[in-house]
Amino acid sequence: MKIVGMTSSLSRRRLLSRAVAAAGMGLLATGAAATRAAAAAKPSGQAPPVLPTIGQQFTLSCIGFGATLVVDLPPPLPKLNFIGSRVVRVEVGGADFVRLRTVNFAMEAVHPLFGKVTLRLPDIDSSPDSLLQLTPNGLVETWTQSMALTFSRSGDVEGPFSYESLEPGKWIANHILFPPPPQEMNPDGSSTGGTKYVLQAPIKYGHDSTEAAQLRGFDVNQGVILG
């Protein structure tokens, strides 16, 4: 009787082991199927970035909100919200980069003390072309830009008062594709979409080597204008 009992117990254990093993295989199969399904559901990914074609020209909208104007005034220093555009043409570069020549540029802001504040290309633009480089992390643009700064007035004194950048401004932007995607505006006028260009150092303005003003924190969001 003991032998029969032991045999029955062993049989039940074998059946239970087989059932657990079968269930485990079923879970593994289900998990593998789910993994395959999830992998199939994932997007194939974006195409690798490429440099634009030589000779192409793009018009970009430009929004730079919250720039600090450093002038001889007691704090708080003025904050300016600039809106405008930039036109670039793709020029010959090298194996992994192209040059971007700014053929037109203008941005405007309004302030109670200075009236209309304008940034534009100087009469003689000595800044080097910007560079758009293909890197392992995508496209990196170094935007280098000389510009003239003009106030329509200074307090109660009518202008215009004009100054030129003592050194070109320099911005860095990281792109997935170039040109950057179009912009849209929030209700307050700030930008969504586009690509952020980060200013690398304050831009100094004046005459000859005499400094009259600076722009700090002048990051500019840019996006292509379609059509």
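The values are calculated or read from the model by the stated rules, or taken from the named source; none is laboratory data. What you see is a predicted model; the values in this text were computed from it and never measured. Methodologically, a virtual Cβ is constructed for each residue, glycine included, from the backbone with ideal geometry; neighbour enumeration extends over all protein chains shown. All accessible areas refer to the heavy atoms of the entire protein, side chains included, with ligands and DNA or RNA removed. Shrake-Rupley method; radii C 1.70, N 1.55, O 1.52, S 1.80 Å.
Some values worked out for this structure:
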| quantity | calculated |
| --- | --- |
| Of residues in the range 171-227 being part of a strand (DSSP E or B) and charged (D, E, K, R), the one modelled with the lowest pLDDT | Glu184 |
| Checklist (1) at pLDDT below 95; (2) farther than 22 Å from Pro76 by Cα applied to Trp143, failing item | (1) |
| Residue among Thr144, Thr118 that alone is part of a strand (DSSP E or B), touching a residue at least 24 places away in the same chain (Cβ under 8 Å), in contact with a Pro (Cβ under 8 Å, 6 or more places away or on another chain) and of a type in the set (S, T, N, Q) | Thr144 |
| Count of the range 69-95 residues which are under 18 Å from Val140 (Cβ atoms) and in contact with a Ser or Thr (Cβ under 8 Å, 6 or more places away or on another chain) | 3 |
| Residue in the range 89-97 that is under 23 Å from the mean Cα position of the chain (by Cα) and closer than 24 Å to Thr210 by Cβ present | no |
| Verdict on Pro182 being within 23 Å of Pro49 (Cα to Cα) and not aliphatic (A, V, I, L, M) | yes |
| Residue in the range 131-139 that is open to solvent by 50 Å² or more (accessible area, probe 1.4 Å), modelled with pLDDT under 95 and more than 16 Å from Ile83 (Cβ to Cβ) present | yes |
| Residue list for the range 55-92, restricted to those being small (Gly, Ala, Ser), without any contact (Cβ under 8 Å) to a residue 60 or more places away in the chain and open to solvent by 30 Å² or more (accessible area, probe 1.4 Å) | Gly55 |
| Residues of the range 94-105 that turn out to be in a strand (DSSP E or B) and either surrounded by fewer than 17 Cβ atoms within 10 Å (Cβ to Cβ) or among the β-branched types (Val, Ile, Thr) (or both), as a count | 6 |
| The range 183-227, subset hydroxyl-bearing (Ser, Thr, Tyr) and within 22 Å of Asp72 (Cβ to Cβ), residue least open to solvent (accessible area, probe 1.4 Å) | Tyr205 |
